[in-house]
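Participant: Pasting a structure here, questions to come.
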2 protein chains.
Amino acid sequence: MSRTPLIGVLGGMGPLATVDFLHKVVASTPATCDQDHVPLLVWNVPQIPDRQKALAGTGEAPLPAMLHGIERLNAGGATRIAIPCNTAHLWGDALAGASAAPLIHIVDAAIAAVERRHGQEGPIGIVATRGTLAAGLYQERLAARGLPFLINTDDELDALFTPGCYAIKQNRLDHGGSLLESAARQLVRRGARTLILACTEVPVGLAHVRSDLLPISVDPTQALADACVRYWLEARTGEAAGREELTG
Amino acid sequence: MSRTPLIGVLGGMGPLATVDFLHKVVASTPATCDQDHVPLLVWNVPQIPDRQKALAGTGEAPLPAMLHGIERLNAGGATRIAIPCNTAHLWGDALAGASAAPLIHIVDAAIAAVERRHGQEGPIGIVATRGTLAAGLYQERLAARGLPFLINTDDELDALFTPGCYAIKQNRLDHGGSLLESAARQLVRRGARTLILACTEVPVGLAHVRSDLLPISVDPTQALADACVRYWLEARTGEAAGREELTG
């Protein structure tokens with residue numbers, strides 16, 4: 001007998017981005033009542049050491065705390081794991097390897113969403129942390145598909161992206177949203193026709209300032225939410241079929 | 001040595017109300033970085049049988065599923081339990097009795113917020129499910145403090161409140177928000193000067209329609225979030241003091 005579907009969410013990176021993800025899951029679920037909604041177990045414990053600082057060599061390693069969360073989610077009965085943080089996926093292989101429940105990968109979900117929407121429209125701007133960019137998390141997958149891309153310069157990361165990202169974590173949404181939008185706009189000025197908001201603080205910030213860049217943006221948080229909803233709808237159907245077989 | 005503070009959230013009643021609660025916790029936390037935010041373990045499994053139907057005698061009992069969630073949250077290390085659903089607090093004693101982690105009670109938090117804001121301003125309108133009203137969850141505590149109150153009639157519950165509440169659970173926020181606001185407005189027409197939005201779907205609906213009733217409303221979801229933030233700030237200070245003793 002299969003286990004009851006339950007999506008384990010390794011959250012807290014950051015906390016508001018996790019809430020944004022959960023909201024997108026609920027809002028994207030076709031539901032006629034509470035019971036139709038996606039079952040979620042959320043480890044939203046933001047005391048995981050800072051990922052950006054660890055990658056810059058100025059902070060504690062986050063992997064042990066992330067592995068602890070993965071262990072708790074599996075112990076709690078998770079049948080899939082979702083991590084609404086792009087940078088955390090730099091440790092994705094280690095996390096997936098330690099988890100009995102398979103990982104629904106945010107970058108795979110986002111790239112699939114890019115492919116669905118992208119024609120021959122010029123380069124794709126990647127709005128992401130220095131760590132995500134340095135590891136080539138999105139660039140490698142885009143290059144493999146022959147899709148051109150642009151990224152922010154070091155100066156833009158220092159002046160716009162990084163302080164914008166931290167401002168969101170401090171609940172300073174006007175300031176953070178405005179900085180993140182400026183970082184994204186630099187990419188548009190250099191020719192980007194589509195943006196990937198490849199850090200989960202970015203869609204939160206751009207939505208808060210009602211950015212006119214949202215219509216040309218792909219939101220990996222939404223793509224991950226959509227993938228989770230699809231898993232639940234399929235697993236639930238499978239479950240119902242299994243019950244019919246048992247009782248039929 | 002005390003356990004690491006962790007707030008266990010028994011959610012899913014409904015799912016959007018849980019997200020609203022989590023958002024209020026994050027937005028109400030003084031934070032300079034991710035790590036300052038409240039650690040939360042969220043059992044957001046909305047397959048708990050419908051509370052309103054159970055109380056009306058037309059549905060399965062929700063207590064076993066709620067107790068299962070409470071057990072999972074305790075097993076996951078929760079040091080306090082928060083339940084962002086007023087109606088679920090009709091089973092509050094059974095849930096608290098089965099939980100090693102004490103319950104932060106939404107009604108107590110809300111009544112404290114009412115007392116902080118309420119002068120001699122006329123009756124308080126209680127916007128709540130039929131089950132919450134029938135059990136006197138809010139009325140008893142208000143009466144004990146000598147505070148007058150008003151509630152919706154059976155007809156208003158049938159025509160406005162109940163369909164409004166279920167519409168929110170179906171992601172029909174315009175429709176649900178408008179119905180819930182109409183239910184609240186009936187109380188204002190009969191003399192209510194303050195409202196308690198005593199069902200967690202109501203603040204979601206009223207915020208969505210940008211209701212002009214919000215400034216005269218007390219939001220139990222916000223009161224519960226504030227109580228959770230206070231617990232975390234105090235527990236964290238105690239933890240830091242404990243560490244200093246150990247290392248001092």
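The values are calculated or read from the model by the stated rules, or taken from the named source; none is laboratory data. All values derive from a computational prediction rather than experimental measurement. In this analysis, Cβ positions are derived from the backbone assuming ideal geometry, glycine residues included, and neighbour counts consider all displayed protein chains. These area figures cover heavy atoms from the full protein model, side chains too; ligands, DNA and RNA do not enter into them. Shrake-Rupley method; radii C 1.70, N 1.55, O 1.52, S 1.80 Å.
Participant: For region B:1-27, which positions are open to solvent by 40 Å² or more (accessible area, probe 1.4 Å) and either at the interface with chain A (Cβ under 7 Å from one of its Cβ atoms) or touching a Cys at 6+ places or on another chain (Cβ under 9 Å) (or both)?
Facilitator: B:23, B:27
Participant: Going by the conditions given, is residue A:69 within 14 Å of chain B (Cβ to nearest Cβ) and at positive phi?
Facilitator: Considered against the rule, which asks whether it is within 14 Å of chain B (Cβ to nearest Cβ) and at positive phi, residue A:69 comes out as no.
Participant: Now for a different question. Looking only at region A:156-202, which residues are aromatic (Phe, Trp, Tyr) and crowded, with 24+ Cβ neighbours inside 10 Å?
Facilitator: A:161
Participant: Looking for whichever is small (Gly, Ala, Ser) and at the interface with chain B (Cβ under 10 Å from one of its Cβ atoms) here; the options are A:57, A:77, A:97. Which one fits?
Facilitator: A:77
Participant: Given the criteria assigned by TED's automatic domain parsing to the domain that holds residue A:189 and out of contact with any helix residue (DSSP H, G or I) (no Cβ under 7 Å at 6 or more places or on another chain), does residue A:71 qualify?
Facilitator: no
Participant: Please give the number of the condition residue B:40 fails out of (1) among the aliphatic types (A, V, I, L, M); (2) open to solvent by 20 Å² or more (accessible area, probe 1.4 Å); (3) facing chain A (nearest Cβ under 10 Å).
Facilitator: Here residue B:40 clears every test but (2).
Residue-by-condition table, conditions (1) in contact (Cβ under 8 Å) with a residue 40 or more places away in the chain; (2) on the phi < 0 side of the Ramachandran plot; (3) not assigned by TED's automatic domain parsing to the domain that holds residue A:189:
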position	(1), (2), (3)
A:95	yes, yes, yes
A:113	yes, yes, no
A:123	yes, yes, no
A:141	no, yes, no
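Participant: Might you let me know whether region B:83-91 holds any residue that is of a type in the set (S, T, N, Q), in contact with a Cys (Cβ under 8 Å, 6 or more places away or on another chain) and more than 14 Å from every other protein chain (Cβ to nearest Cβ)?
Facilitator: yes
Participant: Tell me, yes or no, whether region A:141-148 has at least one residue that is away from every other protein chain (no Cβ under 14 Å), closer than 29 Å to residue A:217 by Cα and touching a Leu at 6+ places or on another chain (Cβ under 7 Å).
Facilitator: no
Participant: Could we say that residue A:111 is within 30 Å of residue B:32 (Cα to Cα) and open to solvent by less than 20 Å² (accessible area, probe 1.4 Å) here?
Facilitator: No, not satisfied.
Participant: Let me ask another. How many residues, within region A:28-37, are more than 7 Å from every other protein chain (Cβ to nearest Cβ) and either of a type in the set (Ser, Thr, Tyr) or open to solvent by less than 10 Å² (accessible area, probe 1.4 Å) (or both)?
Facilitator: Within region A:28-37, residues that are more than 7 Å from every other protein chain (Cβ to nearest Cβ) and either of a type in the set (Ser, Thr, Tyr) or open to solvent by less than 10 Å² (accessible area, probe 1.4 Å) (or both) number 2.
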